[in-house]
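S.K.: One structure, pasted below without further comment.
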Amino acid sequence: MDRNAYMREYNRRRYEAETPIEREERLAYGRMMYRIRRQAETPEQREARIAKERERHRRLREAETAEQRKARLIKQREYNSKRKAIHDH
């Protein structure tokens, strides 16, 4: 098993074992760190980052077929419905 596959499996098991409170704490910490990094960047850095993200997503969208797009949207919908179910409790 290569290192990337091992880490994906490790993280999947680790995140599945989290309680909803632990998960929310981890996500809140990530949001806080994201906000801190974004506040520290200059307007030029921000524009460069956004342009890079737009280009990356454009390339991904162009490369996927209609079947892949449909599968991706179904997967997103399932993920969001599970996420919503967790937060509704």
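The values are calculated or read from the model by the stated rules, or taken from the named source; none is laboratory data. Predicted, not measured: the structure shown is a model, and the values here were computed from it. Note that we place each Cβ from the backbone using ideal geometry, even for glycine, and neighbour counts take in every protein chain shown. Just so you know, the surface numbers come from the protein's heavy atoms only, side chains and all, with ligands and any DNA or RNA stripped out. Shrake-Rupley method; radii C 1.70, N 1.55, O 1.52, S 1.80 Å.
S.K.: How many residues does the stretch 39-54 contain that are within 18 Å of the chain's Cα centre (by Cα) and open to solvent by 70 Å² or more (accessible area, probe 1.4 Å)?
M.R.: Residues meeting the conditions: 3.
S.K.: Can I ask one more? Just need a number here: residues in the stretch 27-82 that are assigned to a helix (DSSP H, G or I) and of a type in the set (Val, Ile, Thr).
M.R.: Final tally of qualifying residues: 3.
S.K.: Condition first: among the hydrophobic types (A, V, I, L, M, F, W, C) and within 17 Å of Arg83 (Cβ to Cβ). Now tell me which residues in the stretch 18-33 satisfy that. Don't jump to the end; show me each part of the working.
M.R.: Let us first name the residues in the stretch 18-33 that are among the hydrophobic types (A, V, I, L, M, F, W, C), namely 21, 27-28, 32-33.
If the condition is that a residue be among the hydrophobic types (A, V, I, L, M, F, W, C) and within 17 Å of Arg83 (Cβ to Cβ), then Ile21, Leu27, Ala28 are the ones that fit.
S.K.: Same structure again: Quick check on my filter: what residues within the stretch 1-26 are of a type in the set (A, V, I, L, M) and either open to solvent by less than 90 Å² (accessible area, probe 1.4 Å) or not in a helix (DSSP H, G or I) (or both)?
M.R.: Answer for the stretch 1-26, where residues must be of a type in the set (A, V, I, L, M) and either open to solvent by less than 90 Å² (accessible area, probe 1.4 Å) or not in a helix (DSSP H, G or I) (or both): Met1, Ala5, Met7, Ala17.
S.K.: Based on what the data block shows, is Ile86 at pLDDT below 90, assigned to a helix (DSSP H, G or I) and open to solvent by less than 100 Å² (accessible area, probe 1.4 Å)?
M.R.: So Ile86 fits the description; yes.
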